[in-house]
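Enquirer: To start, I am sharing the structure in question, which I have written as structure tokens.
The values are calculated or read from the model by the stated rules, or taken from the named source; none is laboratory data. Quick caveat, the model's predicted, so the values are computed rather than measured. Counting neighbours? That spans all protein chains shown, and the Cβs are built from the backbone with ideal geometry, glycine included.
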């Protein structure tokens with residue numbers, strides 16, 4: 001479909017409005033496809049600020065950007081008006097350090113991780129590799145520490161680690177997250193499967209029951225307690241000693257020690273779980289969500305807190 005003048009002018013305007021702009025599915029906080037999420041992770045590790053455009057919310061832009069860039073897929077990255085490419089090209093540039101150079105940032109040190117592949121896992125992986133000539137075994141670990149093993153072409157700038165005769169390739173982001181990983185085989189309900197044990201993964205967000213939290217408070221335990229609701233909700237009901245999670249509070253948290261005890265609450269626990277996960281991904285190791293939120297706190301601990 002030909003790109004009409006109006007859509008071309010809109011895309012032109014968007015690209016010129018910011019130094020770095022990523023056309024993607026979803027937005028920076030909630031990518032809606034794995035390739036978009038991968039680009040966001042790479043840019044997040046380099047830049048504090050950049051613009052994203054959700055093509056899913058605008059069909060004209062979604063189809064128009066493909067014609068505009070002469071590139072068939074999304075995401076697409078532009079830097080100072082220059083089309084950089086899609087996910088594969090951005091990944092290659094990131095792994096080589098060239099993407100960092102475009103922003104005047106030193107690339108991270110290329111650290112070769114130590115990985116252990118057990119004999120049982122090595123035997124099975126070698127079977128897969130023997131059936132896939134020309135391909136290599138790749139490990140990716142995202143910011144959520146979700147790991148994925150798969151076969152694919154070997155890139156020029158990937159980092160390699162070997163164990164028990166099996167070579168595993170990974171990108172620049174994955175390598176430091178993979179140090180100490182063990183790949184093993186385990187028996188499950190559906191038969192043998194691979195299991196990855198990663199000692200670098202932060203502990204899961206703990207679901208803190210109201211009675212448990214009250215006990216910690218009464219004991220004088222140092223707690224950083226945050227309310228992730230809206231100011232309007234907070235005006236209706238609040239827990240004594242909490243602080244609204246706004247931009248100022250988020251900046252305050254970033255300066256805390258990574259083992260500080262962080263507790264988040266909302267109305268029923270859903271929004272605060274998301275906030276807790278965010279700071280867990282930022283490297284905080286002692287993160288808690290108030291199970292049931294302020295509603296449970298009112299019902300079980302302090303009935304003077306209004307329920308709504």
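Enquirer: For the stretch 93-201, list the strands (runs of 3 or more DSSP E) that sit wholly inside it and hold at least 2 residues that are surrounded by fewer than 16 Cβ atoms within 10 Å (Cβ to Cβ); which are they? Working first, answer last.
Expert: Working: elements: 136-141, 147-152, 159-163, 166-170, 182-188, 191-197.
Here the list reads 147-152, 159-163, 182-188, 191-197.
Enquirer: In the stretch 238-249, is there at least one residue being surrounded by fewer than 20 Cβ atoms within 10 Å (Cβ to Cβ), within 30 Å of residue 199 (Cα to Cα) and within 25 Å of the chain's Cα centre (by Cα)?
Expert: There is at least one residue in the stretch 238-249 that is surrounded by fewer than 20 Cβ atoms within 10 Å (Cβ to Cβ), within 30 Å of residue 199 (Cα to Cα) and within 25 Å of the chain's Cα centre (by Cα).
Enquirer: Provide a single number: the residues in the stretch 1-32 that are free of Cβ contacts under 8 Å to residues at least 24 places away in the same chain and within 30 Å of residue 148 (Cβ to Cβ).
Expert: Adding up the residues that qualify gives 3.
Enquirer: May I pose another question? How many residues, within the stretch 138-156, are touching a residue at least 24 places away in the same chain (Cβ under 8 Å) and either within 19 Å of residue 197 (Cβ to Cβ) or under 22 Å from the mean Cα position of the chain (by Cα) (or both)? Walk me through it before giving the result.
Expert: Just the residues of the stretch 138-156 that are touching a residue at least 24 places away in the same chain (Cβ under 8 Å), to begin with: 138-145, 147, 149, 155-156.
Adding the requirement that they be either within 19 Å of residue 197 (Cβ to Cβ) or under 22 Å from the mean Cα position of the chain (by Cα) (or both) leaves 138-145, 147, 149.
Count: 10.
Enquirer: Determine which member of the set 291, 276 is under 25 Å from residue 145 (Cα atoms) and under 21 Å from the mean Cα position of the chain (by Cα).
Expert: Numbers: 291 fails: under 21 Å from the mean Cα position of the chain (by Cα).
The match here is 276.
Enquirer: For the stretch 202-231, which residues satisfy the criterion of being touching a strand residue (DSSP E or B) at 6+ places or on another chain (Cβ under 6 Å) and in a loop (DSSP other than H, G, I, E, B)?
Expert: Within the stretch 202-231, 205, 223, 228 meet the criteria.
Enquirer: Can you name the residue in the stretch 263-289 that is in contact with a helix residue (DSSP H, G or I) (Cβ under 6 Å, 6 or more places away or on another chain) and closer than 12 Å to residue 213 by Cβ and, of all such residues, is surrounded by the most Cβ atoms within 10 Å (Cβ to Cβ)?
Expert: 265
Enquirer: Kindly check whether there is at least one residue in the stretch 52-63 that is within 26 Å of residue 173 (Cα to Cα), in the same structural domain as residue 94 (by TED's automatic domain parsing) and part of a loop (DSSP other than H, G, I, E, B).
Expert: No: the stretch 52-63 contains no residue that is within 26 Å of residue 173 (Cα to Cα), in the same structural domain as residue 94 (by TED's automatic domain parsing) and part of a loop (DSSP other than H, G, I, E, B).
Enquirer: State whether one or more residues within the stretch 54-66 are within 21 Å of the chain's Cα centre (by Cα), at pLDDT 90 or above and surrounded by fewer than 18 Cβ atoms within 10 Å (Cβ to Cβ). Lay out the reasoning, then the answer.
Expert: Quick first cut of the stretch 54-66, residues within 21 Å of the chain's Cα centre (by Cα) only: 54-56.
Then drop every residue that is not at pLDDT 90 or above, which leaves 54-56.
From what is left, the residues that are surrounded by fewer than 18 Cβ atoms within 10 Å (Cβ to Cβ) are 56.
Yes - at least one qualifying residue is present in the stretch 54-66.
Enquirer: Looking at 98, 127, 162, which is the one that is more than 21 Å from the chain's Cα centre (by Cα), closer than 30 Å to residue 278 by Cβ and at pLDDT 90 or above? Full working, then the answer.
Expert: Values: 127 fails: closer than 30 Å to residue 278 by Cβ; 162 fails: closer than 30 Å to residue 278 by Cβ.
After applying the criteria, what remains is 98.
Enquirer: Looking at (1) within 17 Å of residue 233 (Cα to Cα); (2) modelled with pLDDT of 95 or more, which one does residue 246 not meet, given that it meets all the others?
Expert: Evaluating residue 246 over (1) within 17 Å of residue 233 (Cα to Cα); (2) modelled with pLDDT of 95 or more leaves (2) as the failure.
Enquirer: Could you tell me which residue of the stretch 8-37 is farthest from the chain's Cα centre (by Cα), considering only residues that are closer than 19 Å to residue 72 by Cβ and assigned to a loop (DSSP other than H, G, I, E, B)?
Expert: The extreme case among them is 25.
Enquirer: Within the stretch 67-91, work out how many residues are more than 19 Å from the chain's Cα centre (by Cα) and in a helix (DSSP H, G or I).
Expert: Keep residues of the stretch 67-91 that are more than 19 Å from the chain's Cα centre (by Cα), which gives 67-73, 78-85, 89.
Narrowing the set further to residues that are in a helix (DSSP H, G or I) leaves 67-69, 89.
Qualifying residue count for the region: 4.
Enquirer: Continuing with the same structure: Among the residues that make up the stretch 257-272, is at least one of them in contact (Cβ under 8 Å) with a residue 24 or more places away in the chain, in a helix (DSSP H, G or I), within 19 Å of the chain's Cα centre (by Cα) and within 26 Å of residue 200 (Cβ to Cβ)? Give the derivation first.
Expert: Filtering the stretch 257-272 for residues in contact (Cβ under 8 Å) with a residue 24 or more places away in the chain gives 258-269, 271-272.
Add one more test, that the residue is in a helix (DSSP H, G or I), and what stays is 271-272.
Those left that are additionally within 19 Å of the chain's Cα centre (by Cα): 271-272.
In the following step, the residues that additionally are within 26 Å of residue 200 (Cβ to Cβ) were identified as 272.
Taking every residue of the stretch 257-272 in turn, at least one turns out to be in contact (Cβ under 8 Å) with a residue 24 or more places away in the chain, in a helix (DSSP H, G or I), within 19 Å of the chain's Cα centre (by Cα) and within 26 Å of residue 200 (Cβ to Cβ).
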